[in-house]
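Read the structure below first, then the notes.
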Amino acid sequence: RKGSKQLCEFFVNNLGFNYGPKTNIDIPNFIKTDETFSKMCIRGIFDTDGCMTVQKFSKYKYPLIKLTTKSHALACSLKDLLRTLTFNAFISIKKRKPNIIYDVVIKGFYQVEKFYSIIGSSNARNITVFTKYKKDIKLQEHYAFQNINKNQRGKKEWVKLIHGDQIR
């Protein structure tokens, strides 16, 4: 913990952070205006306050990236930065008395895969979940193609894959 007081004072005095709960924080403009800093900032928030999860719907699984915060301004800035980087990000609001929680969400296999290639992660749990999901999707794609080949009438069937794409 050596130097933690100096680090805290640096954040307060130079970056505009406040002491106490961080319910009304935002990303500094010098980070927002620099693509490299923006990516590093998003990655830091993802590694500490984010997760990669798989949402199950019927027999399909859809991957989600979530960045969670109590700050509305931070959620809006994260969404805007992600959209600038061509992600389809949106904000989901959860009301848990006495707090409101904001999730900045990226949904779908290609969006999540692009997130890991552009932003990345150092969080072992998030990397493990993504790696396992990629293995699962390869298996389901294999079975989907087998089912198309087994169609005895010769008609083309639509098969919805895990990542939301359709094959004819």
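Can you tell me which residues in segment 105-145 are modelled with pLDDT under 85, over 18 Å from V54 (Cα atoms) and open to solvent by less than 80 Å² (accessible area, probe 1.4 Å)? Across segment 105-145, the qualifying residue is only A144. The numbered conditions (1) closer than 19 Å to D80 by Cα; (2) among the aromatic types (F, W, Y); (3) out of contact with any Leu (no Cβ under 7 Å at 6 or more places or on another chain) are all true for Y19 except (1).
Show me the helices (runs of 4 or more DSSP H) entirely contained within segment 1-104 in which 2 or more residues are surrounded by 14 or more Cβ atoms within 10 Å (Cβ to Cβ) and more than 12 Å from the chain's Cα centre (by Cα). Qualifying helices (runs of 4 or more DSSP H): 29-32, 35-49, 72-84.
Within segment 51-91, the set of residues being under 20 Å from P21 (Cα atoms) and either touching a Ser or Thr at 6+ places or on another chain (Cβ under 7 Å) or aliphatic (A, V, I, L, M) (or both) comprises L67, K70, S71, A73, L74, A75, L78. Looking across segment 105-118, just one residue is part of a strand (DSSP E or B) and of a type in the set (K, R), and that is K107.
The values are calculated or read from the model by the stated rules, or taken from the named source; none is laboratory data. Note that the structure is a prediction, hence the values are computed from the model and not measured. Please note: Cβ atoms are built from the backbone with ideal geometry, for glycine as well, and neighbour counts cover all protein chains shown. With ligands, DNA and RNA removed, areas are computed over all heavy atoms of the protein, side chains included. Shrake-Rupley method; radii C 1.70, N 1.55, O 1.52, S 1.80 Å.
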